[in-house]
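Asker: Sharing a structure with you now.
Each reported figure results from applying straightforward, stated rules to the coordinates on display, with no laboratory input. Given the structure is predicted, the values throughout are model-derived calculations rather than measurements. Cβ atoms come from the backbone with ideal geometry, glycine included; neighbour counts cover every protein chain shown.
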Amino acid sequence: MENLKSFLSQKIIAVVGVSQSGGKYGNLVMSDLINKGYKIYGVNAKGGKVGDRELYPTLSAIPDKPDMVVFVVPPPVTEQVLKEVRMLGISRVWMQPGAESAKAIDYCTRHKISLIHNKCIMVQAGPNFLSRQKVHD
């Protein structure tokens, strides 16, 4: 399994669970990661926009292939979207607390998808993680 630093060094991230109306936890995760310097794509099954940012209905609809997918959705949605993660060859997923399930974790293990769960990406990335990496690497 990859280490935390490897996950947090990814540049293009899809956040599954961003709401068109804003104010949801997925929106908070997306905003936090944008502020930390990541290139973020929001995913909402209905598509649409949040502010001036496009939301994509599926991972396949995103113009860039994400390096990692962050899940901020109920476990049944995570389990379903993991099939698309595998189909697209995305090798890293982060399941925010509450997005994971034994079934989802097992799926990642069986299909060799690197996984972090039971940790909040906003806390683990800390303030300006990418900026610190440029200075220290």
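Asker: Quote the relative contact order of the chain in percent (integer), defining contacts as alpha-carbon pairs under 8 Å separated by 6+ residues.
Answerer: That works out to 25 percent.
Asker: Please check: in the Gaussian network model of the chain (C-alpha springs, under 10 Å), which one of LEU28, LEU82, LEU55 has the largest mean-square fluctuation.
Answerer: Residue with maximal mean-square fluctuation among LEU28, LEU82, LEU55: LEU28.
Asker: List nothing, just return the count: lysine pairs in the chain, 8 or more apart or interchain, with Cα separation under 13 Å.
Answerer: Taking the Cα cut-off of 13 Å, the pair count is 9.
Asker: Residue by residue, what Karplus-based ³J(HN,Hα) values in Hz, rounded to whole numbers, does the stretch 87-93 have, using 6.51, -1.76 and 1.60 with θ = phi - 60° and x for Gly and Pro?
Answerer: My calculation for the stretch 87-93 gives 4, 7, x, 7, 9, 9, 9 Hz in order.
Asker: Counting only other residues whose beta carbon sits under 12 Å from that of ILE121, what net charge do I get with K and R as +1, D and E as -1? Working shown, then result.
Answerer: On the way: positive: LYS36, ARG92, LYS119; negative: ASP32.
Here the count lands on +2.
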